[in-house]
Amino acid sequence: MARETRELTCINCPLGCPLTVVLEDGEVISVTGNTCPRGESYGRKEVTNPTRIVTSSVPVDGSASERMVSVKTASDIPKDMIFDVVRALKDVRATAPVAIGDVVLADVCGTGVDIVATKGA
Amino acid sequence: MAKTIERRDVVIVGGGPAGLAAAISAHEAGQTDILVLERDTQLGGILNQCIHNGFGLHTFKEELTGPEYAARYIERAAELGIEYRLGTMVIDISPERLVTAVSSADGITQVEAGAIVLAMGCRERPRGALATPGYRPAGVYSAGTAQRLVNIEGQMPGREVVILGSGDIGLIMARRMTLEGAHVACVAEIMPYSGGLKRNIVQCLDDFGIPLLLSHTVTRVEGRDRVEAVWIAEVDERMQPIAGTEVRYPCDTLMLSVGLLPENELSRDAGVQISPVTRGPVVDQSLQTSVRGVFACGNVLHVHDLVDYVSEEAAAAGANAARFVAQAQAETEADRGIPVVAEGGVRYTVPSFVSPQLMDDRLTVRFRVANVYRDHFVSVYLDDERIQHRKKRVMAPGEMESVVLRRADLLAREGLQRITVKLEEE
Ligand SMILES: Cc1cc2nc3c(=O)[nH]c(=O)nc-3n(C[C@H](O)[C@H](O)[C@H](O)COP(=O)(O)OP(=O)(O)OC[C@H]3O[C@@H](n4cnc5c(N)ncnc54)[C@H](O)[C@@H]3O)c2cc1C
Ligand code: SF4
């Protein structure tokens, strides 16, 4: 049996607990070091299917106060798609008025996740 | 000369997360005559340029971006009808709580305040911190300035980047620049550990394979008009560059993330006593400074990495300011309370004085440690008796820690002389 130990840092909140994940034949058998349950699920996920929230900002037209409006993926996307998402945002412009939560780009890169505004403009 | 002098119960200097939370809680504590003065053109402070996620998990149980977190407080302040003035910079505070501000709309105005909450935040250590000889070419930015350029102005400072200092802003900008198509060659940190949050090292450097060079610093900046390269060397325990370890990194941009300093010029003018360790005011259990009726919270008090703690601290300061006004300054000048002493690896505590009679049932005392400590205990002593002893797997200077004092514990000990917070190996 192949036993593997991975040392990770939980990134679910800024406390950044140090996690130890033990895998056996690719199966997670234990997660330790977490302070709360989110740490355990993060540890499991990070070694099998890592994801991230991506944030950026895009130009906004017609706003009196802002040149740029900040945006994010409405939920996590696979980590290996970060650059695809950023590339997809290259030519996106928002048009004022924009409210927090407005969809700026739907279903980015076929992930099923929308890009939403995080600031009003 | 000032045109008018108005009188307000609570005046809050700064409309960032600290100022907003203080205003909201002062209002909720019953003082509705509140005025927030903000020099920027919008409320929200530094959060407006922090477009990354990671804010508010403790407070809202969800992970927000900086602008979203700020919006929650801005909306709440609006609901309560809290008055604020934008584009209004406070230029003087007198010990008698006369606040002088200047704005292009109203010129110079003066406000007599029943209580004042200082919430001016902090600024970045200037580039003077970069002790390198030679020219001062274009292309050297503080990380915060670069963050503002990219996120708010939509401009890229450069394409080939080296970052000096592993503070959170530097780490965040390493990722941001990478996502925007720049190449970040490395982050050099003179200390043997990073000053940033662990999660930022994982998410901003490790995710993108950006090397973090600990115990390294910039020794030379090449280029006359624009940065052309920087030289980075390893340093010894005394932080002196080690001969023969210099490596040249061609680049067009050098970003500095070498620390933040509370912005306390105004506090000093008011006669507020400043701690040489935190560079912020010395405060008691109510977050009151050495000047009566002047309170402080947020990054102006001590530099925070988590906005949740800023909001929490500021809410306490706001409520205490409201209470001060209500008591119509009934309290005597009396003693400042029992000193909280930082020892054995604890660099400072906020507050540094506690008056058990005046404190709430529970009081959070925040502190930072001087080094990286593994498997150490955080202990609290009342005089010589240890009343708390809690093991922590890891503590680092980049992450704020806290202990909670209970009023009952302190009251139970008559003649208590000192409260000590320290780290112990066992
Ligand atoms: C780059 C960066 C990344 C961060 N990342 C995170 C994170 O991921 N998660 C997290 O929880 N926290 C994070 N933080 C920490 C958190 O954002 C800060 O601790 C918090 O914003 C500090 O709030 P504040 O109100 O004290 O200061 P500020 O936000 O700086 O607000 C101070 C306000 O006072 C105003 N002001 C100053 N002087 C005057 C004057 N004389 N007259 C009138 N107004 C004045 C300023 O214009 C400003 O609006 C980050 C901070 C930075 C800088
Ligand atoms: S385990 Fe829980 S407390 Fe620790 S970093 Fe993860 S989310 Fe935060």
Any residue that is more than 22 Å from B:Leu197 (Cβ to Cβ) and either away from ligand 1 (no atom under 16 Å from the Cβ) or assigned by TED's automatic domain parsing to the domain that holds A:Lys79 (or both) - is there at least one of those in segment A:6-17? no
Scan segment B:31-45 and give yes if some residue there is of a type in the set (Ser, Thr, Tyr), over 22 Å from B:Pro262 (Cα atoms), away from chain A (no Cβ under 14 Å) and in contact with a helix residue (DSSP H, G or I) (Cβ under 8 Å, 6 or more places away or on another chain), otherwise no. no
Test: B:Leu64 is surrounded by fewer than 23 Cβ atoms within 10 Å (Cβ to Cβ) and under 30 Å from A:Arg38 (Cα atoms): yes
Does A:Gly33 count as within 16 Å of ligand 1 (Cβ to nearest atom), on the phi > 0 side of the Ramachandran plot and not basic (Lys, Arg)? no
Can you name every residue in segment B:194-220 that is assigned to a helix (DSSP H, G or I), over 22 Å from B:His304 (Cα atoms) and open to solvent by 50 Å² or more (accessible area, probe 1.4 Å)? B:Asp206
Here the residues within segment A:95-119 that are over 18 Å from B:His52 (Cβ atoms) and within 12 Å of chain B (Cβ to nearest Cβ) are A:Val98, A:Ala99
Given the options B:Leu35, B:Leu20, B:Leu98, name the one that is near ligand 1 (Cβ under 9 Å from one of its atoms), over 17 Å from A:Gly101 (Cβ atoms) and surrounded by 16 or more Cβ atoms within 10 Å (Cβ to Cβ). B:Leu20
Lone qualifier among A:Val60, A:Val113, A:Val86, A:Val98 - being under 27 Å from B:Met177 (Cβ atoms) and in contact with a helix residue (DSSP H, G or I) (Cβ under 7 Å, 6 or more places away or on another chain): A:Val86
Scan segment B:46-61 for residues that are within 16 Å of ligand 2 (Cβ to nearest atom) and away from chain A (no Cβ under 12 Å) and jot them down. none
Inspect segment A:58-72 for any residue being within 16 Å of ligand 1 (Cβ to nearest atom), among the polar types (S, T, N, Q), at pLDDT 95 or above and open to solvent by less than 60 Å² (accessible area, probe 1.4 Å) and give the result as yes or no. yes
Out of (1) under 26 Å from B:Gln288 (Cα atoms); (2) modelled with pLDDT of 95 or more; (3) acidic (Asp, Glu), what's the single condition that is false for B:Glu79? (1)
Pairs returned, first residue in segment A:21-39 that is more than 12 Å from chain B (Cβ to nearest Cβ) and in a strand (DSSP E or B), second residue that is within 14 Å of ligand 2 (Cβ to nearest atom) and open to solvent by 40 Å² or more (accessible area, probe 1.4 Å), beta-carbon separation under 6 angstrom, 6 or more apart or interchain, are A:Val28/A:Arg44; A:Val31/A:Glu40
Can you tell me which condition A:Ala96 does not meet? The list is (1) within 16 Å of ligand 1 (Cβ to nearest atom); (2) within 28 Å of B:Leu149 (Cα to Cα), and all the others hold. (1)
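Go through segment B:255-314 and report how many residues are within 16 Å of ligand 2 (Cβ to nearest atom) and either buried (at least 24 other Cβ atoms within 10 Å of the Cβ) or small (Gly, Ala, Ser) (or both).
1
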Yes or no: B:Met191 open to solvent by 40 Å² or more (accessible area, probe 1.4 Å) and under 30 Å from the mean Cα position of the chain (by Cα)? yes
Looking only at segment A:33-51, which residues are β-branched (Val, Ile, Thr) and closer than 19 Å to B:Asp206 by Cα? A:Val47, A:Thr48, A:Thr51
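The values are calculated or read from the model by the stated rules, or taken from the named source; none is laboratory data. Note that the structure is predicted; figures quoted are calculated from it, not measured. When we count neighbours, we look across all protein chains shown, and the Cβ atoms used for this are built from the backbone with ideal geometry, even at glycine. Surface areas here come from the heavy atoms of the whole protein model, side chains and all, with no ligands, DNA or RNA. Shrake-Rupley method; radii C 1.70, N 1.55, O 1.52, S 1.80 Å.
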